[in-house]
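Here's the structure we're looking at; comments come further down.
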Amino acid sequence: MIDIEDAARLVDEAAVKATAIHQLTTVDAFSVHDAYRIQRMSIDRRVQRGERRIGIKLGFTSRAKMMQMGVSDLIWGWLTDAMLEDDGGNVSLRRFIHPRVEPEVCFLTRRTIDRPLTALEAKDYLEAVAPAMEIIDSRYQDFRFTLEDVVADNCSSAGLVVGNWARNLDSLGNAGVIMRVDGRDMQIGSTAAILGHPVRAVVEASRLASESETALPAGSLIMAGAATAAHPLVPASHVQVLVSGVGEVDITTRL
Ligand code: OOG
Ligand code: MG
């Protein structure tokens, strides 16, 4: 049987040291439920080091991502303040193993979410939306994992960049999304790829959080999941994510 505490230490240390580890499931099979226990314990370790939880992320909310990674269940993980990078900033890639970048949208909540919400209700719980990038960095060798592995590894969550907040959520249902690297459009999609409408990510977040008896305080961030496949993030590049009607966000990278 897997030792939850050992597993949490392994994924946490891999992140801290930016050194890949073998998939946990190759040693011991474990359930998705146990994977979330490992995830929670690994986040507790971060909190003990002084990091603060700032919200949650959803993963595999689009077909493009499910196909890219071969995993088809919705997953969720935690975001902490240490993961935040500045919009327009210069991001050092030293703290990552093999980072990838994804075009996303990020929601800011305005009321505590402590029960499952319907799509109609969800909008009332939201303050604003912003164009965003997620930097994912699986702690597993070759960026390969099973559903249980990736959940235990906090869903590859490693960094996020959030652009300016927009109050108008109306144009969000089918907004064009472009991820541009050094001026070239590497990924093109639509926010409709995110569960049909990104607000559904908030519905799913409310369901998943309630199932695990977690309340999301007002002012939390919810990353809706990538609208397209992820792209490798390499040093000395300029990455932009443009979401029509919402705005854009960009970073440059260095070693
Ligand atoms: C897992 C995280 C997936 C998304 O936006 O779908 C994710 C991974 O692909 O490593 O963040
Ligand atoms: Mg993501």
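The values are calculated or read from the model by the stated rules, or taken from the named source; none is laboratory data. Just so it is clear, the structure is predicted and the values come from calculations on it, not from any experiment. Every residue, glycine among them, receives a Cβ derived from its backbone with ideal geometry; neighbour counts consider all protein chains shown. What goes into the accessible areas is simple: the full protein's heavy atoms, side chains included, and nothing from ligands, DNA or RNA. Shrake-Rupley method; radii C 1.70, N 1.55, O 1.52, S 1.80 Å.
From the square roots a ≥ b ≥ c of the eigenvalues of the alpha-carbon gyration tensor of the range 1-96, which class results: rounded (a/c under 1.5), prolate (a/b over b/c), or oblate? Judged from the Cα gyration tensor, the range 1-96 comes out oblate (a/c at least 1.5, b/c at or above a/b). Under the rule a/c < 1.5 gives rounded, and otherwise a/b versus b/c splits prolate from oblate, where does the range 4-253 land using the Cα gyration tensor? Oblate, since a/c reaches 1.5 and b/c is not below a/b. Positive-end ranking of Val150, Val161, Ser220 along the dipole of the chain, with charges on Cβ about the Cα centre, is headed by Val161. Length available on full extension from Asp86 to Ser31: 0.36 nm per residue minus the Cα-Cα distance, which gives 16.2 nm.
Only protein atoms count toward the accessible area here, which uses a 1.4 Å probe; on the chain, the carbon and sulfur part of that area reaches 49 percent.
For the range 204-255, the square roots of the Cα gyration tensor eigenvalues, ordered a ≥ b ≥ c, give a/c of at least 1.5 with a/b greater than b/c, which places it in the prolate category.
A Förster distance of 41 Å, applied to the separation of the beta-carbon atoms of Asn164 and Leu255, puts the FRET efficiency at 0.90. In nm, to one decimal, how far is the modelled label at Asn174 from the one at Gln141, with both set 7 Å along Cα→Cβ? Going by the 7 Å Cα→Cβ label model, 4.6 nm. Accessible surface for Lys65 stands near 10 Å², nearest 10, in the context of the full protein assembly shown (1.4 Å probe). Magnitude of the charge dipole for the range 4-253, about its Cα centre and with charges confined to Cβ atoms of Lys, Arg (+1) and Asp, Glu (-1), is about 140 debye. Here the alpha carbons of the range 139-248 define both size measures, Rg and Dmax, at 15.5, 44 Å. On a per residue basis, the chain carries 43 Å² of accessible surface, using protein heavy atoms and a 1.4 Å probe. Under 14 Å from a point 7 Å along the Cα-to-Cβ line of Glu51: which residues of the range 1-22 have their amide N that close? Zone members listed by number: 8-19.
Model label points for Met1 and Glu13, set 7 angstrom from Cα along the Cα-to-Cβ axis, are 2.3 nm apart.
Computed with every protein chain present, the accessible area of Asp250 is close to 40 Å² [probe 1.4 Å].
What FRET efficiency comes out for Ser244 versus Leu120 if R0 is 30 angstrom and r is the Cβ-Cβ distance? Round to the nearest 0.05. My answer for the efficiency is 0.75.
Segment Arg111..Ser190, full-extension length gain: 25.7 nm, with 0.36 nm per residue of separation and the alpha-carbon distance subtracted.
In plain terms, the chain from Ala20 to Ser72 could stretch by 16.4 nm, reckoned as 0.36 nm per residue minus the Cα-Cα distance.
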